[in-house]
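Q: Have a look at the structure that comes next, please.
The values are calculated or read from the model by the stated rules, or taken from the named source; none is laboratory data. Computed from a predicted model, the values in this text were never measured in an experiment. Using ideal geometry, Cβ is built from the backbone for each residue, glycine included, and neighbour counts are taken over all protein chains shown. The protein model used for the area step is the full one, side chains on, heavy atoms only, and it has no ligands, DNA or RNA in it. Shrake-Rupley method; radii C 1.70, N 1.55, O 1.52, S 1.80 Å.
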Amino acid sequence: MKKICFVVDSIFSIGGVQRVTAVIAKELAKNYDVSIVTFDKPEEKDTALYQLNEANIKYRFFAYPQVGRFKTYFCKTYSGLYLKLQPKAKWCSDLYAHSSYPSELKNALLEELKQGKYDVIIGVHAPLAARLATLKKDLPNTKLIGWLHNSFEALFGKDSHYYIGQKRKRHYVYQFRKLDEVVLLCNHDAINYYKFDPKFKPTIIYNPLTLIPGRVSSGTSKRFLAVGRFSHLHKGFDLLIKAFNIFAKKNLEWQLDIIGEGPEEDLYKELIQEYSLEKRITIHPFTNNIQSFYSNAQVYVLSSRWEGFGLVLVEAMAHGLPIVSSDLPTSKEIMGDFGMYFKNGNIEELAQRLEDATHIEWQEKSKTAIAIAQRFDIKNIITQWKQLIE
């Protein structure tokens, strides 16, 4: 039986990446020996989250050692020069890989992974995939896979919302090419990577539906629904609240439910109070019974400024919900002409799409939604993962 290891920043916390990783790991554990190396603190372990306790998965908790002050200063100096000068030579990227990932840290992770004698190691998220690439020569008999969960634009775009940014794009792509496989979540990203570097040839595997759908919505509740973490302006809930304020002035019966937690919660509450929408917009914490919210909604709204893969779209469609979405390439790839799109960041256009959603032929839209969601069944997705592993 092959031994597979996922290397993750966190698995025992709430988030879309954690949930998808858990679902894939649980499915693979039916046929393989699966381990998860996580940077979570051992005391935070909660295997009931995402029903991880239902699968035969081993967990190892890893923490990096401290790096000396002089070594840290030396590494930061070269890293700063690399980012400032932006050299194109591959050897410069390899030097930057060492300076941004000192040997003390690299060797500690290498020792951890060697102990497991894994046949396949999957680095979850771009930074860990790049870290894994630096270990390729030291793990010659192990298949190394990078699994990227953010879109090309979110990682490397002009207005990148992550620390990677444009200055590290060339370096990251060089490192990704060292891996045996790199998994992307959509074809749009693959095209962008190809335009930047035709030698980089990733594999596209969509994320699966990660929950068992509840009751299909009846489409009569007059409730919009949005779900996601409150961080980095990612999900655009500030845009949604402002758009709903415009919409609500003419549509007095409709409500908005927002499910999530995170550092931006106070910002959203202040906006709701500013618009006197306390009785129209309700913020709910994350719940293990998210299906009940989908079942009781009439329309789902994705107001995100960026997405690697809009998993909530699949979840919503599995409950028969029509979708209003920002015109993200990933949304269009998942839904095609089914979605009711607005220009990303355009509050007035979002308000108009909310209005449009109240006049659709709901039952027809609902049937189409369910049909689209079935394409993302876990059985279809896990077959692709097994092919990649084998």
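Yes/no per residue for (1) open to solvent by less than 30 Å² (accessible area, probe 1.4 Å); (2) on the phi < 0 side of the Ramachandran plot; (3) part of a loop (DSSP other than H, G, I, E, B); (4) not small (Gly, Ala, Ser):
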| position | (1), (2), (3), (4) |
| --- | --- |
| Asp46 | no, yes, yes, yes |
| Ala63 | no, yes, yes, no |
| Ser79 | yes, yes, no, no |
| Tyr96 | yes, yes, no, yes |
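Q: Turning to a different aspect of this structure: Please work out which one of (1) on the phi > 0 side of the Ramachandran plot; (2) open to solvent by 30 Å² or more (accessible area, probe 1.4 Å) is the condition Phe196 fails and give its number.
A: (1)
Q: Next question, about the same structure. Please state which of the following conditions Lys30 fails to meet, knowing it meets all the rest: (1) within 28 Å of Asn289 (Cα to Cα); (2) in a helix (DSSP H, G or I); (3) at pLDDT 85 or above.
A: Lys30 satisfies every listed condition except (2).
Q: Residue by residue through segment 330-342, note down the ones that are open to solvent by less than 50 Å² (accessible area, probe 1.4 Å) and either touching a residue at least 40 places away in the same chain (Cβ under 8 Å) or under 25 Å from Leu184 (Cβ atoms) (or both).
A: In the first step, residues of segment 330-342 are kept if they are open to solvent by less than 50 Å² (accessible area, probe 1.4 Å); the result is 330-331, 333-336, 338-342.
Those that are open to solvent by less than 50 Å² (accessible area, probe 1.4 Å) and either touching a residue at least 40 places away in the same chain (Cβ under 8 Å) or under 25 Å from Leu184 (Cβ atoms) (or both): Thr330, Ser331, Glu333, Ile334, Met335, Gly336, Phe338, Gly339, Tyr341.
Q: Inspect all residues belonging to segment 228-246 and state whether any of them is assigned to a loop (DSSP other than H, G, I, E, B), within 30 Å of Leu109 (Cα to Cα), of a type outside the set (Val, Ile, Thr) and open to solvent by less than 10 Å² (accessible area, probe 1.4 Å).
A: Among the residues of segment 228-246, not one is assigned to a loop (DSSP other than H, G, I, E, B), within 30 Å of Leu109 (Cα to Cα), of a type outside the set (Val, Ile, Thr) and open to solvent by less than 10 Å² (accessible area, probe 1.4 Å), which makes the answer no.
Q: Condition first: within 22 Å of Asn107 (Cβ to Cβ), within 22 Å of the chain's Cα centre (by Cα) and either of a type in the set (Phe, Trp, Tyr) or part of a helix (DSSP H, G or I) (or both). Can you find one or more residues in segment 1-19 that meet it? Talk me through it step by step, then tell me what you get.
A: Here is the first cut: in segment 1-19, the residues within 22 Å of Asn107 (Cβ to Cβ) are 3, 5-9.
Checking the rest, the ones that are also within 22 Å of the chain's Cα centre (by Cα) come to 5-9.
Then keep just the ones that are either of a type in the set (Phe, Trp, Tyr) or part of a helix (DSSP H, G or I) (or both); that gives 6.
There is at least one residue in segment 1-19 that is within 22 Å of Asn107 (Cβ to Cβ), within 22 Å of the chain's Cα centre (by Cα) and either of a type in the set (Phe, Trp, Tyr) or part of a helix (DSSP H, G or I) (or both).
Q: If you don't mind, another one. Could you grab the pairs with beta carbons closer than 7 Å, sequence gap of 6+ or different chains, first residue in segment 141-157 and in contact (Cβ under 8 Å) with a residue 12 or more places away in the chain, second one open to solvent by 20 Å² or more (accessible area, probe 1.4 Å) and hydrophobic (A, V, I, L, M, F, W, C)?
A: Matching pairs, first to second residue: His149/Val17.
Q: Also: Given the criteria over 21 Å from the mean Cα position of the chain (by Cα), open to solvent by less than 50 Å² (accessible area, probe 1.4 Å) and of a type in the set (A, V, I, L, M), does Ile57 qualify?
A: Yes: the conditions hold for Ile57.
Q: Okay, moving on. Taking into account only those residues within segment 343-389 that are assigned to a loop (DSSP other than H, G, I, E, B) and free of Cβ contacts under 8 Å to residues at least 24 places away in the same chain, which is surrounded by the most Cβ atoms within 10 Å (Cβ to Cβ)?
A: To start, the set of residues in segment 343-389 that are assigned to a loop (DSSP other than H, G, I, E, B) comprises 343-346, 358-361, 377.
Filter again for free of Cβ contacts under 8 Å to residues at least 24 places away in the same chain, leaving 343, 346, 359, 361.
On the way: Lys343: 12, Asn346: 15, His359: 7, Glu361: 8.
By that ranking, first place goes to Asn346.
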